[in-house]
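J.: Attaching a single structure in structure tokens format; questions to follow.
Just so it is clear, none of the values below were taken in a lab; they were calculated from the coordinates. A quick note: this is a predicted structure, and the numbers were derived from the prediction, not measured. Here the Cβ is made from the backbone with ideal geometry for all residues, glycine too, and neighbour counts use every protein chain on show.
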Amino acid sequence: MSLNAWVATRKGLFEIAHRGSSAGWQIAGHSFVGDPVSMVLPGSDHGQFDGRMFAALNLGHFGVKLQASDDEGKTWRELPAPAYPSQPEGAEGPAWKLMQIWSLARSPAALWAGTLPGGLFKSVDGGESWALVESLWQRPERLGWFGGGYDAPGIHSICPHPNQPGELLLGISCGGVWHSADEGASWALRAKGMRADFMPPGQQEQENIQDPHRIARCEAAPEVLWCQHHNGIWRSSDNGLSWQELKAPLSSFGFAVAAHPLDPLTAWFVPAVKDERRIPVDGALVVNRSRDGGQTWQTLRTGLPQQHCYDLVYRHGLAVDENGQHLLMGSTTGGLWASDDGGDSWSTVSLNLPPIYAVQFG
Amino acid sequence: MPRIAFTPQLRRLLGELPDFDASALVLREALAQAFAAQPRLRSYVLDDQGHVRANVAIFVDGRRLQDRVTLSDALRPDSVVHVLQALSGG
């Protein structure tokens, strides 16, 4: 067995490798040392420019940069980052300035970048150039979006449909769930059933202001989506047309979700105290797993710190491999844990990494 | 002619970046000349809207830049412009 994964952190991009159960995960490389890496997209086995890997940097002084590697992260070259077009005089809403690349995804015909302050960008030339998806940016509903975790709204989840080329679903904090069936040419809201307790009475069911913290799709049964929302956990079995709320043990609040790629009934969540405190319940880090579509849950603790732990697992800090067996979990205080048995038990990879923004197998 | 000096921090990201001798006497145009010589430099100094990045500091003859939006500050033929990182950027 040999596995590879990537950890995007406040101080660079780490490559980690798993060379068998006895050796466990080891740090195998470190790129962009000292620079914040907000997102990473490893190469893929299929699709256009499939082997190309991307890393999004967020330099404190010099802005957002996009780096690409055609040799699995050994060498990198800078590509033009997505850029917003000229802002019309008097345009409402946040400034048309790229603040962060928050998500990257690959569909059969394009690459997608989700950003703060809420723009979706598309590339059809392997990331050499990017265009703002105006059909979404110009939707009047966008001016109703607001920041969740950041001052400006942002697209953190991009879920292409593996069997329907051109179909895409987005999660936006705080702008609900949006769906396109035509490669981003037109959009419709798909957040029916979600609830926003942070809104005044009468507005809590509005789809356009929901705060889905993260959305993950089951690759083998792509009509099934799991969502860790600000107000709890939701699941859809009809590609987002309707969402059903689920109740998890300890807390249904959290940020991350990982969907089993083969089993539509299985997903993992990392509960936290809602919502201003944002720490593990009772200072003990756990993972909640359901294997029956959210009807029952197992709270998994073996190998995870159970006393005075204040690690928070952020939106992209939990990942599952293509078989649903291996998991990685990285925290905002630099803890990284791995499971080789679907979450039943965990081992510590490191407790001394920089704050972790994203983990990705690949 | 006005001379533009860039923070050494940019060399780590962009490679060799010698001082640039411009001919324009308005900062916006002088910087445009520097960007023409090193196209990647532009997005490090200016944002999507062509404004000076929030955490980039520019000094003209020792005085902090006045116009961060249209960069209309005038230069003298012997001006020295420093493009630096602001401490606010962390």
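J.: Per-residue HN-Hα couplings for region A:326-332, Karplus 6.51 cos²θ - 1.76 cosθ + 1.60 at θ = phi - 60°, whole Hz, x for Gly and Pro?
T.: Residue by residue, region A:326-332 yields 9, 10, 10, 9, x, 10, 5 Hz.
J.: Right, another one. Sequence neighbours fewer than 8 away in the same chain don't count; with that in mind, list the aspartates and glutamates whose C-alpha is under 15 Å from A:Lys11.
T.: In chain and number order, the partners are A:Asp35.
J.: Would you order A:Ile209, A:Ile279, A:Ile172 from fewest to most other beta-carbon atoms within 10 Å of each residue's own beta-carbon? Working shown, then result.
T.: Details: A:Ile209 23, A:Ile279 13, A:Ile172 29.
So the residues, fewest neighbours to most, are A:Ile279, A:Ile209, A:Ile172.
J.: What is the Cα convex hull volume of chain A when expressed per residue in Å³? Don't skip to the answer; put the middle values down first.
T.: Values: hull volume 46.4 nm³, N = 362.
Expressed per residue, the convex hull around the Cα atoms of chain A is 128 Å³.
J.: Follow-up. Suppose we look only past 15 Å in the calculated P(r) of region A:86-154. What percent of the Cα-Cα pairs does that tail hold? Don't jump to the answer; show the numbers that get you there.
T.: Values: 1279 of 2346 pairs.
The share of Cα pairs beyond 15 Å in region A:86-154 comes to 55 percent.
J.: Between A:Gly93, A:Gly317, A:Gly147, where does the largest GNM mean-square fluctuation fall for chain A, given springs only between Cα atoms within less than 10 Å?
T.: A:Gly93
J.: What Rg and what Dmax come out for chain B when only alpha-carbon atoms are used, in angstroms?
T.: 11.8, 34
J.: Further, regarding this structure: So which aspartates and glutamates can A:Lys247 reach, going by Cα to Cα under 19 Å and dropping same-chain residues fewer than 8 places off?
T.: A:Asp197, A:Glu205, A:Asp211, A:Asp275, A:Asp282, A:Asp292
J.: Is there a quick way to get the dipole size of chain A? I mean about its Cα centre, with the Cβ of Lys and Arg at +1 and of Asp and Glu at -1; what is the value in debye to the nearest 20? Intermediate results must be reported in sequence, preceding the final value.
T.: Working: 26 positive and 37 negative charges, 140 e Å.
With Lys and Arg at +1 and Asp and Glu at -1, about 680 debye.
J.: Under a GNM of chain A (C-alpha, springs under 10 Å), which listed residue has the highest mean-square fluctuation: A:Arg217, A:Arg278, A:Arg195?
T.: A:Arg278
J.: Which order results if A:Cys218, A:Cys227 are arranged by neighbouring Cβ count within 10 Å, fewest first?
T.: Numbers: A:Cys218 22, A:Cys227 27.
Ordered by Cβ neighbours within 10 Å, fewest first: A:Cys218, A:Cys227.
J.: Counting Lys and Arg as +1 and Asp and Glu as -1, what is the net charge of the other residues whose Cβ lies under 14 Å from the Cβ of A:Val286?
T.: On the way: positive: A:Arg289, A:Arg301; negative: A:Asp282, A:Asp311, A:Asp344.
Here the count lands on -1.
J.: Now, a different point. Please report A:Lys97, A:Lys74 as a ranked list, fewest other C-beta atoms within 10 angstrom at the top and most at the bottom.
T.: Details: A:Lys97 21, A:Lys74 11.
Fewest-to-most Cβ neighbours within 10 Å comes out as A:Lys74, A:Lys97.
J.: Here is a follow-up. For chain A, modelled as a Gaussian network with Cα springs under 10 Å, which listed residue fluctuates most, A:Ser31, A:Ser44, A:Ser21?
T.: Top of the fluctuation ranking is A:Ser21.
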